[in-house]
Amino acid sequence: MNTHERLRVRHVVRSAVRAYFDAEQFVEVEPPTLVKTPGLEPHITALGLQVDDGRTTQPRWLQTSPEFAMKKLLADGAQRIYALCRVFRAGEHGPHHRVEFTMLEWYRANAPYTQLMTDCESLLAAAARALHGHARVGDLDLTPPYERLTLAEAFQRHAGVDLLRFVHPPDGPGLQRAARDSGIQIVRGPADEDPVSAFERAFYEIMLARVEPAIGRTRPTFLYEWPAPLAALSRISEKDPRVAERVELYAGGVELGNGFGELTDADEQLRRFADEQERRRKLGRPVYAIDQQFLSALRTMPPSCGMAVGLDRMVMVCAEVDDLRALAVLEDP
């Protein structure tokens with residue numbers, strides 16, 4: 001794919017994205033790229049720099065996600081917003097990972113998180129049709145509806161593991177034993193590993209070994225109702241406290257997006273942030289400050305849902321290429 005074709009493909013997909021959100025009466029926003037406090041996810045590292053404002057030099061971070069800024073806008077009255085912005089994550093290299101990439105993120109106030117799945121179906125199908133005139137990309141059919149599986153269903157079907165048995169309280173050793181009984185090799189972690197980290201490690205070993213290779217190959221798959229220990233910034237389900245209102249989208253062997261029914265309980269969010277700070281400390285990663293303005297915003301933020309999709313990965317799937325580097329334009333070596 002030459003430079004002109006790379007530019008054309010990205011332009012077509014971005015135009016399809018904007019057309020969809022325009023039709024849904026969204027407002028495009030531009031979150032700040034430089035932030036005082038990046039996200040606290042234990043396995044994401046921000047890129048830092050010193051900013052001279054003419055009087056002092058202050059540390060700042062390149063955003064790893066526009067999530068905090070966009071939720072502050074929801075708290076200030078925004079209803080339907082989206083952003084197409086550059087984000088940065090240190091140490092991310094490979095066919096599906098880059099240090100700098102484009103994030104598509106959107107939020108709907110007063111909407112259930114199941115609406116995010118409908119949005120994703122419409123967006124992918126529209127992008128494929130804009131590029132090819134139809135919604136089929138090789139062996140992958142992007143015509144809605146897509147497969148929808150709870151994590152419990154996916155683990156039982158593809159790994160023979162009863163996931164919810166090990167969720168409350170999080171039982172990492174038990175989940176590891178269940179994985180080994182199913183023939184999945186689990187590498188032992190540190191002896192002092194906390195219960196959530198042990199659970200998370202076992203969970204993702206099973207995901208990588210059995211679940212991800214089996215889904216989204218000929219038709220995209222949504223995995224929803226994630227186990228509560230992996231809720232991140234999502235709220236716990238009112239129907240079942242063992243699971244959270246979290247969904248991920250897989251297509252063509254690629255994880256495309258991650259969405260939440262958003263947590264609006266500031267006290268619970270503070271507890272989760274403190275836990276994440278401690279986990280970062282144990283992992284030897286930088287421990288960032290908690291965004292107090294974000295916590296304050298949660299107290300007035302309406303019930304909302306939000307989704308983040310890697311636009312570069314979306315382009316990659318729609319253009320039927322298997323490496324982000326094939327789409328790079330004017331990239332530094």
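Things worth noting here:
- Region 26-64, residues that are part of a loop (DSSP other than H, G, I, E, B), touching a strand residue (DSSP E or B) at 6+ places or on another chain (Cβ under 6 Å) and not β-branched (Val, Ile, Thr): 26, 31, 38, 46, 47, 63
- None of 317, 309, 321, 329 is in a helix (DSSP H, G or I) and in contact (Cβ under 8 Å) with a residue 40 or more places away in the chain except 317.
- Residue in region 213-226 that is over 30 Å from residue 122 (Cβ atoms) and aromatic (Phe, Trp, Tyr) present: no
- Test: residue 240 is closer than 22 Å to residue 301 by Cβ and over 19 Å from the mean Cα position of the chain (by Cα): no
- Out of 89, 80, 165, one residue alone is under 26 Å from residue 204 (Cα atoms), surrounded by fewer than 18 Cβ atoms within 10 Å (Cβ to Cβ), at pLDDT 95 or above and of a type outside the set (A, V, I, L, M). It is 165.
- Leading residue by the ranking (farthest from residue 326 (Cα to Cα)) among those in region 67-94 that are outside any strand (DSSP E or B) and basic (Lys, Arg): 72
- Residue among 202, 214 that alone is under 30 Å from residue 267 (Cα atoms), of a type outside the set (S, T, N, Q) and either modelled with pLDDT of 95 or more or within 22 Å of the chain's Cα centre (by Cα) (or both): 202
Listed here are the residues, each with its yes/no results for (1) touching a Phe, Trp or Tyr at 6+ places or on another chain (Cβ under 7 Å); (2) surrounded by fewer than 20 Cβ atoms within 10 Å (Cβ to Cβ); (3) within 25 Å of residue 101 (Cβ to Cβ); (4) not aliphatic (A, V, I, L, M).
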| site | (1), (2), (3), (4) |
| --- | --- |
| 271 | no, yes, no, yes |
| 280 | no, yes, yes, yes |
| 290 | yes, yes, no, no |
| 304 | yes, no, yes, yes |
| 315 | no, no, yes, no |
| 321 | no, yes, yes, no |
| 328 | no, yes, yes, no |
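- Single residue of 66, 59, 42 found to be touching a Pro at 6+ places or on another chain (Cβ under 7 Å) and either within 18 Å of residue 288 (Cβ to Cβ) or of a type in the set (Gly, Ala, Ser) (or both): 66
- Within region 110-135, considering residues that are in contact (Cβ under 8 Å) with a residue 40 or more places away in the chain and among the small types (Gly, Ala, Ser), the one farthest from residue 16 (Cα to Cα): 111
- The set of residues in region 184-212 that are free of Cβ contacts under 8 Å to residues at least 12 places away in the same chain and within 19 Å of residue 151 (Cα to Cα) comprises 204, 207, 208.
- Residue list for region 142-162, filter: buried (at least 18 other Cβ atoms within 10 Å of the Cβ) and of a type in the set (Asp, Glu): none
- Matching residues in region 30-45 - criterion: being surrounded by 17 or more Cβ atoms within 10 Å (Cβ to Cβ) and more than 19 Å from the chain's Cα centre (by Cα): 35
The values are calculated or read from the model by the stated rules, or taken from the named source; none is laboratory data. The shown structure was predicted, so the numbers you read here are calculated from the model rather than taken from an experiment. Note that each Cβ is placed from the backbone with ideal geometry, even for glycine, and that neighbours are counted across all protein chains shown.
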